[in-house]
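Novice: Shown below is the structure under consideration.
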Amino acid sequence: MKRIIVAQCHQEISSFNPILSHYEDFKVETGSAVIEQHTNARDELGGALSVFGQANNVEVVPTYSARSLTSGGVLAAPDFEQLSGEFINALRSAGSIDGIYFALHGAMCAEQEDDPEGYLLEESRKVFGDDVPLVISLDLHGVPTKRMLRYCDAVVVYHTYPHVDFFETGERAAKLLLSTLEGGRHPIMVRVPIPALVRGDELITETGSFGSVIRTAQEMEKQPQVLAAGMFIGNPFTDVPELRSNSLVVTDGDSAIALEQAIHLAEMFYEHHGKMQVPLTDVDKAVSMALDILGQGTVALVDAADATSSGASGDSNVVVRALIDKGYSGRVLAPIVDPTVVEKAFAAGVGATLQTTLGGSLDPKRFTPLEVEGCVRLLSDGKFSSETFGDSWCSGPTAILEVAKVTWVVTSRPVSLFDRALFYAHGQDPKRFDAVVVKSPHCESHMFADWCRQVINIDTPGATSANLRRLGHVKCARPVSPLDEDVPFSPQPEVYE
Ligand SMILES: [Zn+2]
């Protein structure tokens with residue numbers, strides 16, 4: 001029997017969110033609970049467990065899983081110490097093992113550690129030595145660092161954006177690990193860093209030009225020598241020294257092919273990168289456009305600068321304030337994080353009138369509290385299932401507050417808003433509103449784009465603004481596009497074997 005460790009540590013952060021993340025923001029499982037929770041789950045561990053379960057000579061050694069409930073700010077130092085300590089201790093008790101699979105993200109950052117995943121990998125090698133095959137999977141928003149690549153044997157990366165291939169990525173990683181263990185394969189990795197940070201619709205893999213690069217990588221993976229191939233666009237909000245885009249190709253002992261193909265992917269990506277930005281509309285113009293089409297169908301006002309799934313604080317009231325200031329008279333639906341207002345709403349009870357300020361409590365440098373007086377219409381524990389995958393989400397205690405024609409969904413903690421689950425769970429159908437504030441850079445098209453009268457990407461302040469120059473990067477290596485002008489690129493591949 002081959003004894004294979006599975007473990008997970010998964011979080012995406014925005015360095016520009018002033019609120020630190022904490023241990024409590026993770027769902028943690030240990031030992032056999034890792035198998036119980038992830039068998040049949042549509043995540044990376046679920047995919048890997050299904051492959052290992054079908055192999056008749058594999059004993060899965062479950063150790064530790066920590067996955068953040070949603071994205072957030074930089075992880076506080078004591079909390080990363082606790083998380084990483086638990087992760088490594090769980091490995092230490094695993095006994096003798098033959099292979100390792102870690103589901104990681106790649107866009108974490110802790111207060112005193114810019115490369116948490118690299119740290120976990122380096123420490124894992126101290127436990128098991130350099131010879132045990134170690135395969136990891138990463139999000140394509142990850143930043144695969146030199147340290148990560150040095151301390152693992154192979155990396156498998158998502159091929160979809162919006163991400164719908166968590167399970168398949170876990171399957172691919174598990175198959176790669178098994179082929180290394182049993183087929184005597186010797187992974188060699190080549191990465192090519194590309195000095196570009198990108199956003200926008202061109203990244204949607206089904207329809208955008210980024211998709212053509214990914215499909216080229218997938219074609220490469222069909223070649224017998226190529227074990228994995230993919231592209232990382234990095235997370236532009238994780239301000240760490242190695243932040244940029246990267247191509248990555250893993251071959252079976254063939255550095256020439258890995259070099260050629262990684263360079264090819266990088267050049268192909270670079271050719272398209274100029275269009276990979278978001279045309280943004282300033283707030284006043286967006287409100288004028290919404291006014292012009294009032295009564296002709298729903299307008300989606302996309303406030304991706306405050307996207308909780310990308311790590312923003314979620315307490316922006318900028319778009320609604322602008323609508324009110326311009327006398328917008330339509331019905332508006334908007335999500336916002338404000339734990340104090342939720343507390344007040346619970347104290348007041350359903351049907352009560354609440355006078356309070358709303359928003360701007362977490363990121364007060366960017367957002368100003370808005371004076372409101374409204375009716376508490378509904379209170380909930382904030383537990384519901386995601387629309388996309390049906391997994392459990394939690395916005396904490398949540399209140400529906402109706403302020404004139406604005407229906408606020410006020411949550412006490414950030415929750416992902418890349419689908420409509422928060423709205424539906426609280427009795428709100430976006431189709432019944434004239435304007436909906438959508439705090440996500442992308443949603444699957446049937447959720448809004450297919451039926452909305454108009455979708456407007458607004459240039460608002462926020463910790464995840466697509467207006468990247470507005471954010472104030474301090475750590476990432478320069479020059480990098482679009483933070484700098486006319487950034488030259490010549491492929492400088494790095495080989496890891
Ligand atoms: Zn991602």
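Readers should treat all values here as calculations from the given coordinates under stated rules, not as data from a laboratory. Nothing here was measured: the structure is a model prediction, and the numbers come from that model. Note that each Cβ is placed from the backbone with ideal geometry, even for glycine, and that neighbours are counted across all protein chains shown.
Novice: When the Cα atoms of the chain are enclosed in a convex hull and the volume is divided per residue, what value in Å³ results?
Specialist: Enclosed volume per residue, from the Cα hull, is 132 Å³.
Novice: What is the distance, in nm, between label points placed 7 Å from the Cα along the Cα-to-Cβ direction at residue 391 and at residue 350?
Specialist: 3.1 nm
Novice: Among the trypsin sites (Lys or Arg not before Pro) within the range 181-236, which fall in a DSSP loop and have no more than 11 other Cβ atoms within 10 Å of their own Cβ?
Specialist: Within the range 181-236, the qualifying trypsin sites (Lys or Arg not before Pro) (loop, at most 11 other Cβ atoms within 10 Å) are 222.
Novice: What is the spin-label model distance, in nm, from residue 255 to residue 206 if the labels are put 7 Å beyond Cα along the C-beta direction?
Specialist: Taking the simple label geometry, residue 255 and residue 206 are separated by 4.2 nm.
Novice: To continue, here is another question. Hey, what did the range 2-276 get for relative contact order, percent, Cα under 8 Å, at least 6 apart?
Specialist: Averaging sequence separation for qualifying contacts and normalising by length gives 20 percent for the range 2-276.
Novice: Further question on the same structure: If you average the sequence gap of Cα pairs under 8 Å that are 6 or more apart and divide by the length of the chain, what percent do you get for the contact order?
Specialist: Relative contact order of the chain: 17 percent.
Novice: Taking 0.36 nm per residue of separation and subtracting the Cα-Cα distance, what length does fully extending residue 40 through residue 288 add?
Specialist: 84.5 nm
Novice: Once the Cα atoms of helix 209-221 and of the chain are each reduced to a long axis, what angle between those two axes, in degrees from 0 to 90 to the nearest 10, is obtained?
Specialist: The angle comes out near 20 degrees.
Novice: Then there's this: Can you give the helix-only mean residue ellipticity at 222 nm for the chain, where every DSSP H stretch with n ≥ 4 adds -39500 (n - 2.57) and the sum goes over all residues, rounded to the nearest 500 deg cm²/dmol?
Specialist: That calculation yields -8000 deg cm²/dmol at 222 nm.
Novice: For the pair residue 22 and residue 424, how long in nm is the line joining their label points, each one 7 Å along Cα→Cβ?
Specialist: 3.2 nm
Novice: How much FRET efficiency would the formula 1/(1 + (r/R0)^6) give for residue 326 and residue 57, where r is the Cβ-Cβ distance and R0 is 45 Å, rounded to 0.05?
Specialist: E between residue 326 and residue 57, to the nearest 0.05, is 0.10.
Novice: How many angstrom lie between the Cα centre of the range 297-351 and the Cα centre of the range 267-292?
Specialist: 22 Å
Novice: Suppose R0 equals 30 Å. What FRET efficiency, 1/(1 + (r/R0)^6) with r the Cβ-Cβ distance, do residue 453 and residue 378 give to the nearest 0.05?
Specialist: Once the sixth-power term is evaluated, E becomes 0.65.
Novice: By a straight-distance test (C-alpha under 26 Å), which lysines pair with residue 431 as possible cross-link partners, with residues fewer than eight away in the same chain excluded?
Specialist: Residue 431 reaches 285, 326, 383, 405, 439.
Novice: Filter the trypsin sites (Lys or Arg not before Pro) in the range 440-497 down to the DSSP loop ones having no more than 15 other Cβ atoms within 10 Å, then list what survives.
Specialist: 453, 475
Novice: Can you sort 201, 325 by how many other beta carbons sit within 10 Å, fewest first?
Specialist: In order of increasing Cβ crowding within 10 Å: 325, 201.
Novice: In addition: Determine, for 443, 9, the number of other Cβ atoms within 10 Å of each Cβ, and report the residues in order from fewest to most.
Specialist: 443, 9
Novice: Neighbouring Cβ atoms within 10 Å as the yardstick, rank 145, 388, 251, 340 fewest first.
Specialist: Ranking 145, 388, 251, 340 by Cβ neighbours within 10 Å, fewest first, gives 340, 388, 145, 251.
Novice: Right, something else. Identify the residues of the range 27-46 with backbone N under 13 Å of a label point that sits 7 angstrom from the Cα of residue 218 along the Cα-to-Cβ direction, or state none.
Specialist: none
Novice: With the Cα gyration tensor of the range 281-465 giving a ≥ b ≥ c as the square roots of its eigenvalues, does the rule (a/c under 1.5 for rounded; else a/b larger than b/c for prolate; else oblate) give rounded, prolate or oblate?
Specialist: The shape class here is rounded.
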